[in-house]
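Quick note: the coordinates plus some simple rules give every number you see, no bench work behind them. These numbers were taken from a predicted model, which means no experiment stands behind them. Cβ coordinates were reconstructed from backbone atoms using ideal geometry, including for glycine residues, and neighbour counts include every protein chain displayed.
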């Protein structure tokens, strides 16, 4: 069953939910950037904003996290560090949701990563559909859409003065039913309006990139094409850091003079020269051109072959950070333009 939640009641509802976990939601920083941040006061969150500068990835895979601490002088003294705080994510977008679902497969399908799993087990995902996608959004080309909600606990469709609320999982249903007095049942007319919003949003996405299946594009990204764009690449790694689907990491041990230390996991990027460097400074992928081609191969070929879905959700965040204007959207536009000639 779908419900109507007046926007004037959303923050009151969130105040109830905050009793059960830490609220993470879009918040505007002093400089104007909008990011996901822990919201101790629901009054500070944004109900009407487009996608955040960063996805929710840092809350599931922190940019730097301590896996365990150790003492070399005391044999066997190792203490694992787990983050098991329950969190409620409000305002996720469909592209962010899909990245979380793919991270579930990456970190728990073949190998159970205990650090990721414990964080993920204690989350409630509240997703808001995109009525007005940005000009750099192209989730439709990745098999998603503005109202995609597979894997969400609760899905919200923006109706102007209210949201149509669809509780999906048992946790989502409980979060609505427990505070049922905030909600009214949605009418058939309101459901029809929701469908019209979805259609309009999809038309905007198709206008951004008139492409419905991105996987066919990889064959067009040949050596000549990659050579032409690699000269613009600064190898800064910003594309990997803002990408909700980049999960690569490095692990290092840090010790102090007392022979105490910790094992730390940090983000890494396949675009960095040191990513494939081994002992003796041997490097299998030396040039920037090779690394860039490997990145697109992973996103558009290897990921679909392994998981049945591209390694990109079409969020367009790399378009905002790439200094050389060779983001995923830029590249897809270039190769599709070549086909059209």
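Over the alpha-carbon set of the range 141-231, divide Rg by the Kirkwood Rh and report the Rg/Rh ratio to two decimals.
1.19
Grab the Cα-Cα distance for residue 35 and residue 195, subtract it from 0.36 nm times how many residues apart they are, and report the gain in nm with one decimal.
Additional length available on full extension: 54.8 nm.
Run the quick spin-label model on residue 236 and residue 337: label points 7 Å from Cα toward the beta carbon, then report their separation in nm to one decimal.
Output for this residue pair reads 2.2 nm.
With a 10 Å Cβ neighbour count serving as the proxy for reagent exposure, in which order, fewest first, do 298, 282 appear?
Fewest-to-most Cβ neighbours within 10 Å comes out as 282, 298.
What is the extension gain from residue 108 to residue 281, computed as 0.36 nm multiplied by their sequence separation minus the C-alpha to C-alpha distance, in nm to one decimal? Intermediate results must be reported in sequence, preceding the final value.
On the way: separation 173, 0.36 × 173 = 62.28 nm, distance 3.22 nm.
Here the segment from residue 108 to residue 281 would lengthen by 59.1 nm.
Taking the Cβ-Cβ separation of residue 273 and residue 252 as r and a Förster radius of 22 Å, what is the calculated FRET efficiency to the nearest 0.05?
0.80
Figure the gain on full extension for residue 2 and residue 169 (residue separation times 0.36 nm, minus the Cα-Cα span) and round it to one decimal in nm.
Result: 58.8 nm gained on full extension.
For q = 0.13, 0.16 Å⁻¹, what log10 I(q)/I(0) does the range 215-340 give under the Debye formula with an equal point scatterer on each alpha carbon and no solvent?
-0.58, -0.83
How far apart, in nm, are two points set 7 Å out from the Cα along the Cα-to-Cβ line at residue 260 and at residue 225?
5.5 nm
Neighbour counts of other C-beta atoms within 10 Å: give me 200, 69 arranged from fewest to most.
Sorted ascending by nearby Cβ count, the order is 200, 69.
Which residues does the label zone of residue 67 cover in the range 262-297, counting backbone N under 15 Å from a point 7 Å along Cα→Cβ?
What the label zone holds, given the 15 Å backbone N cut-off, is 262-268.
What's the exposure ranking of 158, 113, 132, going from fewest to most Cβ atoms within 10 Å?
By the 10 Å Cβ count, ascending: 132, 113, 158.
Report for the chain the percent antiparallel among DSSP-assigned beta bridges with both residues inside it, nearest 5.
Here the antiparallel bridges make up roughly 75 percent for the chain.
Given a Förster distance of 22 angstrom, what is the FRET efficiency for residue 307 paired with residue 177, based on the Cβ-Cβ distance and rounded to 0.05?
0.05
Okay, helix-only estimate at 222 nm for the chain: each DSSP H run of n ≥ 4 adds -39500 (n - 2.57), divide by all residues, round to 500 deg cm²/dmol; what do you get? It would help to have the intermediate numbers written out before the result.
Values: 12 runs with 113 residues, N = 341.
Helix-only estimate at 222 nm: -9500 deg cm²/dmol.
Stick to Cα atoms and the Kirkwood definition of Rh, then tell me Rg/Rh for the range 25-96.
Working: Rg = 17.0 Å, Rh = 14.7 Å.
Looking at the range 25-96, the ratio lands at 1.15.
Please check which bits of the range 304-318 a label hung off residue 50 would reach, taking the label as a point 7 Å along Cα-to-C-beta and the cut-off as backbone N under 14 Å.
Residues 315-318 fall inside that zone.
With an 8 Å cut-off on Cα pairs and a minimum separation of 6 or more residues, tell me the relative contact order of the chain in percent.
Relative contact order for the chain comes out at 20 percent.
Please say if the range 293-341 is rounded, prolate or oblate, where rounded means a/c under 1.5 for a ≥ b ≥ c the square roots of the C-alpha gyration tensor eigenvalues, and otherwise the choice is prolate for a/b larger than b/c and oblate otherwise?
Numbers: a/c = 2.00, a/b = 1.26, b/c = 1.58.
Here the range 293-341 falls in the oblate category.
Report the semi-axes of the equivalent ellipsoid for the chain in whole Å, largest first, where each axis is √(5λ) for an eigenvalue λ of the Cα gyration tensor. Before the final figure, lay out each step's value.
Numbers: eigenvalues 242, 179, 49 Å².
Taking √(5λ) for each eigenvalue gives 35, 30, 16 Å, largest first.
Starting from 0 in steps of 5 Å, tell me what percent of the Cα-Cα pairs of the range 58-176 lands in each bin.
Values per bin, smallest distances first: 2, 10, 17, 18, 17, 13, 9, 5, 3, 3, 2, 1, 0.
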